[in-house]
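Written out below as C-alpha cells is the structure these notes cover.
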Amino acid sequence: MRATFAEIYINNFVHNLSEIKRFMKSGVKMCVAVKADGYGHGAVEMATAAQNFGAEYLAVATVEEGIELRKAGIKTGIVVLSLCNPCEAPYLFEYNLEPFAGDEDYIDMLQKSGGQISNKLKVHLAVDTGMGRIGCRPENAATLAKKICASAALTLGGMSTHFASADGTDAKSRSYARLQFERFTKAVESVKSAGIDPGIRHCSASAALIDMKEWQLDMVRPGIIAYGYYPDQITRAYLEQKETPMDLKPVMALVTGVSAIRPFEQGESVSYGMTWTSEGETDIAVLPIGYADGFLRRFNRNEVTINGKLYPIRGRICMDQCMVDIGKNNPDVKRWDKVVIFGPEESGALCDAEAFAQSAGTISYEVLTSITKRVARKYIR
Ligand SMILES: *Cc1c(COP(=O)(O)O)cnc(C)c1O
C-alpha cells in the first residue's frame, strides 16, 4: 500500500451523529447527506454507519450514487437532491430512490419513466424559496402537488426547500433565511389548503438544524456536521457562546509519509518556478502526495504534522509530490515516518481540514470532496 491514504474514523462519524441527534427534537427524522461519495469518505461505509445508527433517510446527488447504496444493501429511504435526466429516471423506480422535483415538465418526465413498475414513486416537491437552484415558486406549490397526486406513477412523499444563508450569523443572512422559511411555510399551507397531505416537510441542512431548532419540521438533512466540520459561521465558539455547545470530531485524516530527506545549501530552490529558495542550510523532506490526490496547489502556505510537530510546505505542490522544510539534521524526522496533513486529534494531526480550507479561501466541504480516488480509504473502527 502507498504511503498516502485517508484514514476514516467511523467512531467519530457515529459520535457526530449522536451529537446531531442530541440537537434534534423528538419525532424528527434524520436524513444524512452521503452525496459525493459521502463527502469523500466513502458513501457505502458512511451510509451503512448512518443506517445502523438509525437514520431513516440518506441523501445523494445522483441516481448512480443511489444505485450504489441499494446494491450495497442499504434499506433506508434515499432522496436524490439534484435533477436527473430522462435516461436516469427509470432507475428511480427500479431502485426506489425519491427525487426532488419542482417543475411541471420534470414531473411529466418522471411520470413517463415509470414503465411497467406498479409501485408509486415518492416525489419530494422542491420549493425554491430563495436559493435559486431547483424548485417551484412557492405560489405554484399547490398546483404541482395536485399534479403529482393525480399521476398514476407518482405520489407526494414530502416537501422541501434549501437555505442560501443559514450558515451566516450576520443580520442579512439571518433575515434572508427567515424569509425563506416563511415562504416555505406558506407553500406547505397552500398544499394543505388544497386538501393534500404534504408528506415529510424538510428544510434544514447542518446550519439550520443546529441553529434554528424550530425549523426542523419532520426531517433534517445534515451533511458536513456528520463529517466533523462546522458550517461556516456556525462555529464551535459560536455555539458555545449561545450555550448550545456541539462537539464535532473530524472523521477523515489525510496521511502520507516521508519518501526522502535531502540536504539543501543556502540559495537552492525547491519545485516548479523556483518560488522558494533556502535562506541557509536545511533538510527538505519529500512527500508522495500532490494535487492529483486532492492536495491542492493552493495549500502551499500550510504546514503538515510529523511526529507531533508542524513543518511548512516549500515551493509549489506538484501533481504527485510536494516538499516540506524539516530543518537541518532534525532528529525527529526519519525516512518513511508518518505525515498527517489534516485530521482528528487521534490521527496525530495538529491541523484540521478547516485550517486548509481557510488558508486557501474555500470551505471544508471542498477540501474533503477534493480527495481523489487514488487515495485509498482505510476504515478505522
Ligand atoms: C448538500 C445538501 C445538504 C447537506 O448540507 P450540509 O451543509 O452539508 O449539511 C442538505 N440539503 C441539500 C438540498 C443539499 O444539497
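The values are calculated or read from the model by the stated rules, or taken from the named source; none is laboratory data. None of these values were measured; they are calculated from a predicted model. In this analysis, Cβ positions are derived from the backbone assuming ideal geometry, glycine residues included, and neighbour counts consider all displayed protein chains.
Taking segment 204-240 as the search range and keeping residues that are without any contact (Cβ under 8 Å) to a residue 40 or more places away in the chain and touching a Pro at 6+ places or on another chain (Cβ under 8 Å), which one is surrounded by the fewest Cβ atoms within 10 Å (Cβ to Cβ)? Step through it out loud before you land on a result.
If we filter segment 204-240 for residues that are without any contact (Cβ under 8 Å) to a residue 40 or more places away in the chain, which is where we start, we get 206, 214-215, 235-237, 239-240.
Narrowing further to those that are touching a Pro at 6+ places or on another chain (Cβ under 8 Å): 206, 236, 239.
Values: Ser206: 27, Arg236: 13, Leu239: 18.
Here the answer is Arg236.
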Review point. Inside segment 277-331, counting only strands (runs of 3 or more DSSP E) that do not spill past its ends, which hold 3 or more residues that are within 20 Å of Ala253 (Cβ to Cβ)?
Key: 303-306, 309-314
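Take segment 1-16 and flag every residue that is small (Gly, Ala, Ser) and either surrounded by fewer than 18 Cβ atoms within 10 Å (Cβ to Cβ) or without any contact (Cβ under 8 Å) to a residue 60 or more places away in the chain (or both).
Result: Ala3, single match.
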Check your understanding: From the set of residues in segment 41-74 that are among the aliphatic types (A, V, I, L, M) and either farther than 22 Å from Asn11 by Cβ or touching a Phe, Trp or Tyr at 6+ places or on another chain (Cβ under 6 Å) (or both), which is farthest from the ligand (Cβ to nearest atom)?
Key -> Ile67
Exercise for review: Run down Ala153, Ala141, Ala164 and say which single residue is buried (at least 22 other Cβ atoms within 10 Å of the Cβ) and either modelled with pLDDT of 95 or more or within 13 Å of the ligand (Cβ to nearest atom) (or both).
Suggested key: Ala141
Exercise for review: Of the numbered conditions (1) assigned to a loop (DSSP other than H, G, I, E, B); (2) closer than 22 Å to Thr185 by Cα, Gly115 fails exactly one; give the number of that condition.
Suggested key: (2)
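Just name the residue that is farthest from Ser364 (Cα to Cα) out of those in segment 176-187 that are surrounded by 21 or more Cβ atoms within 10 Å (Cβ to Cβ) and touching a helix residue (DSSP H, G or I) at 6+ places or on another chain (Cβ under 8 Å). Show your work before the answer.
First, the residues of segment 176-187 that are surrounded by 21 or more Cβ atoms within 10 Å (Cβ to Cβ): 177, 180-181, 184, 187.
With the extra rule that they be touching a helix residue (DSSP H, G or I) at 6+ places or on another chain (Cβ under 8 Å), the set shrinks to 177, 181, 184, 187.
On the way: Ala177: 22, Phe181: 26, Phe184: 28, Ala187: 33 Å.
Filtering segment 176-187 for residues that are surrounded by 21 or more Cβ atoms within 10 Å (Cβ to Cβ) and touching a helix residue (DSSP H, G or I) at 6+ places or on another chain (Cβ under 8 Å), the one farthest from Ser364 (Cα to Cα) comes out as Ala187.
On the given criteria, is Leu92 under 19 Å from Gly199 (Cβ atoms), hydrophobic (A, V, I, L, M, F, W, C) and not in a strand (DSSP E or B)? It would help to see each step written out before you state the result.
Working: under 19 Å from Gly199 (Cβ atoms): yes; hydrophobic (A, V, I, L, M, F, W, C): yes; not in a strand (DSSP E or B): yes.
Considered against the rule, which asks whether it is under 19 Å from Gly199 (Cβ atoms), hydrophobic (A, V, I, L, M, F, W, C) and not in a strand (DSSP E or B), Leu92 comes out as yes.
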Check your understanding: Can we say Gly66 is within 19 Å of Thr369 (Cα to Cα) and outside any strand (DSSP E or B)?
Key -> yes
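Here is a check on your reading of the model: is Glu19 within 20 Å of Cys203 (Cα to Cα), surrounded by fewer than 24 Cβ atoms within 10 Å (Cβ to Cβ), within 14 Å of the ligand (Cβ to nearest atom) and of a type in the set (Asp, Glu)?
Details: within 20 Å of Cys203 (Cα to Cα): yes; surrounded by fewer than 24 Cβ atoms within 10 Å (Cβ to Cβ): yes; within 14 Å of the ligand (Cβ to nearest atom): yes; of a type in the set (Asp, Glu): yes.
Yes, satisfied.
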Review point. Which ones in segment 221-250 are among the hydrophobic types (A, V, I, L, M, F, W, C), more than 9 Å from the ligand (Cβ to nearest atom) and touching a helix residue (DSSP H, G or I) at 6+ places or on another chain (Cβ under 6 Å)?
Key: Ile234, Met246, Leu248
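Please work out if Ile289 is hydrophobic (A, V, I, L, M, F, W, C), within 13 Å of the ligand (Cβ to nearest atom) and modelled with pLDDT of 95 or more.
Details: hydrophobic (A, V, I, L, M, F, W, C): yes; within 13 Å of the ligand (Cβ to nearest atom): no; modelled with pLDDT of 95 or more: yes.
Considered against the rule, which asks whether it is hydrophobic (A, V, I, L, M, F, W, C), within 13 Å of the ligand (Cβ to nearest atom) and modelled with pLDDT of 95 or more, Ile289 comes out as no.
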**Study point:** Extreme residue, farthest from Glu243 (Cα to Cα), among residues of segment 182-216 that are outside any helix (DSSP H, G or I) and within 14 Å of the ligand (Cβ to nearest atom)
**Key:** Ile200
**Study point:** Residue, farthest from the chain's Cα centre (by Cα), within segment 353-370, restricted to residues that are within 16 Å of the ligand (Cβ to nearest atom) and in a loop (DSSP other than H, G, I, E, B)
**Key:** Thr362
